Amino acid sequence: MINSLKMLITGASGFVGGHIYHQARQQSKTCAIYHQNPPKEMSGEWRQVDLTDSSKMQHVLDDVAPDVIIHAAAVSNLDVCEESPDLANAVNVVTTARLAAYAREKAKRLIFISSDMVFDGSRGMYKETDETYPISVYGRSKLMAERAVISEKSNWVVVRTALVYGKPQTGGSSFSEWLERKLRRNEQAHLYYDQFRTPVWVDNLAEAILELAAGDFTGVIHLAGANRIDRFSFAKQYCLFGGFDDELLVAKSVHQDAHIAPRPVDVSLSVDKARSILKTRLLSTEEGLRRLFSSASRSNNPR
Ligand SMILES: NC(=O)c1ccc[n+]([C@@H]2O[C@H](COP(=O)([O-])OP(=O)(O)OC[C@H]3O[C@@H](n4cnc5c(N)ncnc54)[C@H](OP(=O)(O)O)[C@@H]3O)[C@@H](O)[C@H]2O)c1
C-alpha cells in the first residue's frame, strides 16, 4: 500500500521530480529534496541538500528514514555534462552509487530515473535487453549510474525514460514549455524532423513511477510514450491540441546544428515490458496532449 510508505524524492525542484512529488504527497508521506533552486511553492516537507556532500546526504537519509527513494536528481543538460564531465560524474554517477549502497544496507527500495540516452540511436525502438552504447558524456554518466545501482543486487528499479513533456510544477523546464513560449510570442520554432523519441507526458510518467515505487518489480524498465515520433511532428500535434498556429513551425535537420554534445538520431524506446507489468497505461502523444490541454483548461491555467 503506497499510503503506508515514506518516500524521499530527489530532484523534486526539477521538472520530472516535481511532478512525482506532487502526485506522491497526495498518496503518502513524502519528503522532497532540492539543491540550488527552491521550488515555486514550498508546501509539504522540503530539505535543501547538495547530494554530492555525502555526510549531509547521509544525515538527511538517517533523519527521514524513507522506505522508498525515488532518485530523479541529475545534471540533465547534455551540453553542460559534455563541458563538465567531472560534475556529471559527481552528481549523476557518484551520488547514485551512494544512494544505491544506502538502499542495499538499509533494505530500502530505490527507483533510479535513467534515460534513453544510454543508447546510440542508430536503430530505435530499443528494448530493455538491447545493448547500450551512449554517445555523450550525459548518456555515459546515466549508464554508469545504472550499473552502480544494478551491482548492489538489492531492491531497485532502473527506469529509462524518454523526452518528457508537460508543464513544470515546482521548477525545471521542458521541451514543450519552450515550444509553447515561442508559439505564444508568435515566434517561429525550428524543430528537427529527423530525430526520433518516444515522448511521454510527465503526469503519465509520474503515475507509472509511483506504481513501481509501491510494487515489487525489480529490474530495468522503459517508461516512455506509446509512439515513436520526430520533434517536428510532435510540435504539429501540440499546435493541433493546444489551438496554436502551426505555420510558426519550421522543420530542420538535426545535422544543421553544431551541438556541444552529440545528439543520437533515434533513441525511441519499446514499452512492451511496461505494458505487461503495469496497470498504468502509457499514453500516445495524441492521448497525452489531449489530456494535458484538457487538464490545463480545467485548472484555468492560462495557455
Ligand atoms: N526531462 C527529460 O526529458 C528527461 C528525459 C530522460 C531522462 N530524464 C531524467 O529524469 C531525471 C529528471 O530530469 P529533469 O528534466 O526533471 O531534470 P531537471 O529539471 O534539470 O532537474 C534536475 C534536478 O536535480 C537536482 N540536482 C542537480 N544537482 C544536484 C545536487 N548536487 N544535489 C541535489 N540535487 C541536485 C536539481 O536541483 P536544483 O534545481 O534545486 O539545483 C533539480 O531538482 C534526471 O535523472 C534525468 O536524467 C529526463
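Taken together, the values in this text are just the output of simple stated rules run on the coordinates, not laboratory data. Here the structure is a predicted model, which is why all the values come from computation and not from measurement. Cβ: placed from backbone, ideal geometry, glycine included. Neighbour counts: every protein chain shown.
Here are some notes:
- Each 5 Å bin from zero up to the one holding the largest Cα-Cα distance in segment 67-150 carries the following percent of pairs: 3, 16, 25, 21, 17, 12, 4, 1.
- Going from the residue with the fewest nearby Cβ atoms within 10 Å to the one with the most, Ser28, Ser13 rank Ser28, Ser13.
- Projecting the Cα atoms of Thr218, Ala208, Ser174 onto the charge dipole of segment 169-230, computed from C-beta unit charges around the Cα centre, puts Ser174 farthest toward the positive end.
- The chain - mean residue ellipticity at 222 nm from DSSP helices (-39,500 (n - 2.57) per run, n ≥ 4, rounded to 500): -11000 deg cm²/dmol
- Pairs from Lys252/Lys273; Lys6/Lys153; Lys29/Lys106; Lys6/Lys279; Lys29/Lys167 whose Cα-Cα separation, in the structure shown, is over 27 Å: Lys252/Lys273
- Among the GluC sites (Glu not before Pro) in segment 35-112, those located in a DSSP loop and surrounded by at most 14 other Cβ atoms within 10 Å of their own Cβ are Glu41.
- For the chain, the dipole from Cβ point charges (+1 on Lys and Arg, -1 on Asp and Glu) about the Cα centre works out to 680 debye, to the nearest 20.
- Residues whose placed amide H lies under 5 Å from that of Val220, excluding near-sequence neighbours: Val158
- Difference of contour (0.36 nm per residue) and Cα-Cα distance, Asp63 to Ala107: 14.2 nm
- For segment 176-302, the relative contact order comes to 39 percent (Cα pairs under 8 Å, sequence separation of at least 6).
- Under the combined filter of DSSP loop state and at most 16 neighbouring Cβ atoms within 10 Å, segment 50-132 retains these trypsin sites (Lys or Arg not before Pro): Lys106, Arg123, Lys127.
- Label-point gap, in nm, between Ser54 and Leu248 - each point 7 angstrom along Cα→Cβ: 4.9
- Using a cutoff of 8 angstrom between alpha carbon atoms and counting only pairs six or more residues apart, the relative contact order for the chain works out to 20 percent.
- In segment 144-175, trypsin sites (Lys or Arg not before Pro) in a DSSP loop with at most 10 other beta-carbon atoms within 10 Å: Lys153
- Virtual paramagnetic centre 7 Å along Cα→Cβ of Ser43, amide N under 19 Å, in segment 165-192: 167-172
- Within segment 120-162, backbone nitrogen closer than 17 Å to the virtual label 7 Å beyond the Cα of Ser295 toward Cβ: 162
- Modelled label reach - Ser4, point 7 Å along Cα→Cβ, segment 22-50 residues with backbone N closer than 17 Å: 27-30
- In this calculation the C-beta distance from Leu87 to Ala258 is compared with R0 = 22 Å, giving a FRET efficiency of 0.50.
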